[in-house]
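Working notes for the structure below.
Bear in mind that the values in this text are calculations on the coordinates, not laboratory data. Not measured: the values here are computed from a predicted model. Every residue, glycine as well, gets a Cβ built from its backbone with ideal geometry; the counts of neighbours run over all protein chains shown.
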Amino acid sequence: MTNDDNIIIERIRGGGTSEFSQLVKRYGPSLMVFVGRIVGVQEDTEDVVQNTFVAAYQHLKDYNSQKASVSTWLQRIAYHEALYHLRKRKRQVMLPLNISDDVPDELPEDTTAQQLDEAIQQLSPEEQMLLQLFYFDGRSLKEIAYITDKAGDSLEREVSRLSSQLHRIRQRLRIILTHKNHE
C-alpha cells in the first residue's frame, strides 16, 4: 500500500467521503480491464466495477493494509462481484474434458491470440479469473489465494492447490486448442 493510499483511506474513514474518488480514478481503469476480460460485455463490466467500488466503500472499515495492498483488496472484491454477476447470468460453461497427468500443459506452437482467447472463453469463470490474475495481472499464488478468499490456516497447501489448478487449466486449454486445430 502506498503512503498516499494510506492517507486517503484514513481521511475517508475520518469522514472525508469525497476522497474516495481518488481511489476510483487510481484503480478504476485496472479493474475495468480485469473484470472486462472475464465479463466481456462493456455495460456489464461497468456495472461490476461500480458494484466493486460501492462494496469497497461500504467495507472500508474492514480493510487491513497488513493483509493486502489496496489494489489487491479491490481486486478481491471485483473477483467476487464478477463471479456473482456471472452466476446470476448463468454464463458458466463447463467442458466435459477428462484431464490425465500425461497431457503436457504447453500450448500448440501455432496458437494465435484469437484462438487462445476463444479457448479461454470456454473455461469456467473461476478458471478464467485464475488465468487473468496469474498471467495477465502477474499476481503471486499467495495474492491469488487472498483474492479468491481461499487462504486459510495452511497458505502453503492453498498455494500448492492453486499451482495444480493452473496446471490443469493449461492442460484443458491445450486440449481445446488441439481439438480446434484438428477440426
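Listing for the model above:
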read-out: Rg in Å to one decimal, and Dmax rounded to a whole Å, for the range 113-181 via C-alpha atoms; value: 12.9, 43
read-out: Extension gain, Thr17 back to Lys180 (0.36 nm per residue minus Cα-Cα distance, nm); value: 53.5 nm
read-out: Selection from Thr52, Asn6, Tyr27 lying farthest towards where the dipole of the range 1-67 points positive, charges on Cβ; value: Asn6
read-out: Set of lysines with alpha-carbon distance to Lys88 below 23 Å, sequence-local pairs under 8 removed; value: Lys150
read-out: Equivalent ellipsoid semi-axes - Cα gyration tensor, the range 19-58, angstrom; value: 18, 11, 7
read-out: Value of relative contact order over the range 3-89, rounded to a whole percent, pairs C-alpha under 8 Å and six or more apart; value: 29
